[in-house]
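Remarks on the structure that follows.
The values are calculated or read from the model by the stated rules, or taken from the named source; none is laboratory data. Computed from a predicted structure; not experimentally measured. Reconstructed Cβ throughout: ideal geometry from the backbone, glycine too, with neighbour counts over all protein chains shown.
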Amino acid sequence: MPLSGEPLDFTFNGRTVRGYKGDTIATALARDGVKSFSRSMKFHRPRGLYCGSGRCISCVMRVNGVPGVRTCGVPLERGMVVQTERGFPTTRFDLLSVFDSVFRRQFDYHSRFIRPTFMTPFYQYVVRHLASSSRVPDSSGAFPALERKSCEVLIIGRGISGSVAQARIQKAGVRSLIIADRQVGNVSAPPSTVFGFYESGEVGLQVGSGLQLVKARSILLATGREETGLSIVNGDIPGNMLPEAVHQLTSRGVSPGARAVLVGTNELRDRVRRQLEAVRSSIVAEVQDASSVVQVLGGRAVRGIEYSEGRTSKTVRCDLVIQLGPLVPAVELAQQAGCELRSSGSFWTVRVDAGGRTNVPGVYACGGVTGLIREDERISSGEAVALSMLRNRGGP
Amino acid sequence: MVVRKSFICLCEDVTVEELRSAIRRGYTDIEDLKRITGIGTGPCQGKQCLHIYREILAEETGIRIEDMPLTTLRPPIVPTSFGAWASRDDDEEADR
């Protein structure tokens with residue numbers, strides 16, 4: 001895939017790296033061959049780009065003096081100073097990874113490091129350094145004051161059902177409209193991410209470095225579903241990825257790995273296959289039943305996977321394991337809004353009527369968060385909810 | 001090399017074994033267990049782990065998964081910076 005965009009040079013741990021306009025920090029680093037992005041909190045296990053959508057913390061680094069930045073959600077800029085920040089002395093060679101070997105099964109901080117009590121200050125020092133090596137930001141930064149806004153319609157989520165509803169509502173002439181992202185990883189400018197639904201009925205948005213509280217006459221929850229991983233052995237080390245990370249890399253022409261193994265299955269499987277093909281990554285095995293995975297092999301990077309096939313155990317060499325876990329409806333905001341949720345097996349979905357109305361006046365929902373899976377159904381739910389919102393205009 | 005581990009919660013580094021052992025020690029309420037293990041309290045706020053968490057808890061306690069409650073998912077659901085909160089200067093806050 002040819003790269004378009006002007007080159008943008010930045011520094012990574014003091015070394016100059018070339019990225020391109022349109023990259024996130026993470027895609028530029030991955031193109032450069034960086035695998036270890038951070039270390040995990042307790043065991044100091046190596047972690048790399050994993051979810052690609054700003055949810056996990058596997059890719060966090062210090063960027064321009066600000067700690068804890070998710071590199072998968074930040075557009076690259078020329079001259080950025082990017083540093084790994086987890087691990088002692090460095091992320092690549094982390095002596096604290098001894099905790100991974102010492103605590104082989106679990107690390108329960110309620111029963112460890114509590115006796116003798118006179119040692120408490122020392123323990124606190126150790127645990128604090130273990131949990132994070134982040135230092136405070138270089139400068140306190142400038143943050144705009146919290147803003148209060150109001151609008152007629154607030155749409156949360158830019159997926160297919162939310163976009164369909166947005167188009168309908170805009171076409172009907174509603175001007176007072178705010179559209180917000182549900183995910184941090186969406187780098188479409190200007191990103192505004194919802195962080196909460198408050199009792200006052202206000203919705204919190206993070207826009208750039210500032211916060212907004214938005215009061216809307218009607219709110220549409222089109223929050224969709226979350227990609228999830230699988231609890232397979234060593235499914236956390238660099239080279240394990242979720243489909244969104246594959247999407248982010250391949251859309252920038254970066255190969256996530258030369259030899260991929262797909263574990264589990266969900267509707268994103270075909271998309272993942274196509275995207276891998278486009279960057280000439282080959283799929284060397286597909287293990288649909290995640291419980292047959294014995295372990296992922298490797299340390300600082302994935303080197304293979306062992307799984308059982310019938311009675312025999314197979315080991316396949318690979319550098320990429322793509323986890324296709326269940327897609328889980330993102331009900332957090334609905335729960336905070338007080339919407340009635342319905343349990344469906346392992347998940348919860350938002351209960352709505354035919355017009356997408358929840359039990360909370362003025363709060364609507366459509367698409368994946370209401371339990372719809374098929375694309376045509378999600379599209380038609382977006383249309384239906386838009387019509388119902390327009391019908392009820394002027395009052396909930 | 002890393003030691004073989006499978007995780008439920010990547011943010012708080014909670015292994016499947018840690019969760020199972022806490023359940024066996026008697027922490028069978030979904031909210032208690034969240035507090036004792038830290039599952040779902042990290043930066044992702046449970047986006048990746050809650051369904052597996054509920055499944056394992058249901059399996060260990062014999063409660064049907066459909067009857068297993070959801071934990072309370074409080075705001076903020078994505079990390080926000082302290083600086084942004086500290087800069088709030090609206091009247092409501094001043095009145096408190």
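Examine the range A:327-335 for a residue that is touching a strand residue (DSSP E or B) at 6+ places or on another chain (Cβ under 8 Å), more than 10 Å from every other protein chain (Cβ to nearest Cβ) and without any contact (Cβ under 8 Å) to a residue 24 or more places away in the chain, and state whether such a residue exists.
no
Here is a list: A:Phe103, A:Phe88, A:Phe113. Which entry is in contact with an Asp or Glu (Cβ under 7 Å, 6 or more places away or on another chain), in the same structural domain as A:Lys35 (by TED's automatic domain parsing) and either of a type in the set (Phe, Trp, Tyr) or at positive phi (or both)?
The conditions single out A:Phe88.
Would you say A:Thr84 is touching a helix residue (DSSP H, G or I) at 6+ places or on another chain (Cβ under 7 Å), in contact (Cβ under 8 Å) with a residue 40 or more places away in the chain and among the β-branched types (Val, Ile, Thr)?
no
Got at least one residue in the range A:98-115 being buried (at least 16 other Cβ atoms within 10 Å of the Cβ), among the charged types (D, E, K, R) and touching a Gly at 6+ places or on another chain (Cβ under 9 Å)?
No, every residue in the range A:98-115 fails to be buried (at least 16 other Cβ atoms within 10 Å of the Cβ), among the charged types (D, E, K, R) and touching a Gly at 6+ places or on another chain (Cβ under 9 Å).
Restricting attention to the range A:297-305, does a residue exist that is hydrophobic (A, V, I, L, M, F, W, C) and touching a Phe, Trp or Tyr at 6+ places or on another chain (Cβ under 8 Å)?
no
Of the residues in the range A:206-252, how many are among the β-branched types (Val, Ile, Thr), away from chain B (no Cβ under 12 Å) and buried (at least 24 other Cβ atoms within 10 Å of the Cβ)?
Matching residues across the range A:206-252 total 2.
Filter the range A:64-91 for residues that are more than 18 Å from A:Ala245 (Cβ to Cβ), within 13 Å of another protein chain (Cβ to nearest Cβ) and either among the polar types (S, T, N, Q) or assigned to a strand (DSSP E or B) (or both) and give the result.
Across the range A:64-91, the qualifying residues are A:Val66, A:Pro67, A:Gly68.
Given the conditions (1) touching a Phe, Trp or Tyr at 6+ places or on another chain (Cβ under 6 Å); (2) over 30 Å from A:Tyr20 (Cβ atoms); (3) buried (at least 18 other Cβ atoms within 10 Å of the Cβ); (4) among the aliphatic types (A, V, I, L, M), and given that A:Leu130 satisfies all but one, which numbered condition is not satisfied?
The failed condition is (1).
How many residues, within the range A:234-265, are closer than 20 Å to B:Gly46 by Cα and in a loop (DSSP other than H, G, I, E, B)?
The number of residues fulfilling the criteria is 5.
Considering only residues of the range A:20-46 that are of a type in the set (Ser, Thr, Tyr) and assigned to a loop (DSSP other than H, G, I, E, B), which is surrounded by the fewest Cβ atoms within 10 Å (Cβ to Cβ)?
Applying the filter and picking the extreme gives A:Ser36.
Residues are listed down the side, and each one gets a yes or a no for (1) at negative phi; (2) at pLDDT below 95; (3) loosely packed, with under 15 Cβ neighbours inside 10 Å:
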{"position": "A:Val293", "(1), (2), (3)": "yes, no, no"}
{"position": "A:Val296", "(1), (2), (3)": "yes, no, no"}
{"position": "A:Ser308", "(1), (2), (3)": "yes, no, yes"}
{"position": "A:Gln323", "(1), (2), (3)": "yes, no, no"}
{"position": "A:Ser343", "(1), (2), (3)": "yes, yes, no"}
{"position": "A:Thr349", "(1), (2), (3)": "yes, no, no"}
{"position": "A:Thr358", "(1), (2), (3)": "yes, no, no"}
{"position": "A:Val363", "(1), (2), (3)": "yes, no, no"}
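Which residue out of A:Leu130, A:Leu49, A:Leu96 is part of a loop (DSSP other than H, G, I, E, B) and either more than 24 Å from B:Arg4 (Cα to Cα) or within 14 Å of another protein chain (Cβ to nearest Cβ) (or both)?
On the way: A:Leu130 fails: part of a loop (DSSP other than H, G, I, E, B); A:Leu96 fails: part of a loop (DSSP other than H, G, I, E, B).
After applying the criteria, what remains is A:Leu49.
Criterion first (surrounded by 15 or more Cβ atoms within 10 Å (Cβ to Cβ), among the polar types (S, T, N, Q) and closer than 30 Å to A:Ser255 by Cβ) does A:Gln288 satisfy it?
Details: surrounded by 15 or more Cβ atoms within 10 Å (Cβ to Cβ): no; among the polar types (S, T, N, Q): yes; closer than 30 Å to A:Ser255 by Cβ: yes.
Here the answer is no, as A:Gln288 does not meet what is asked.
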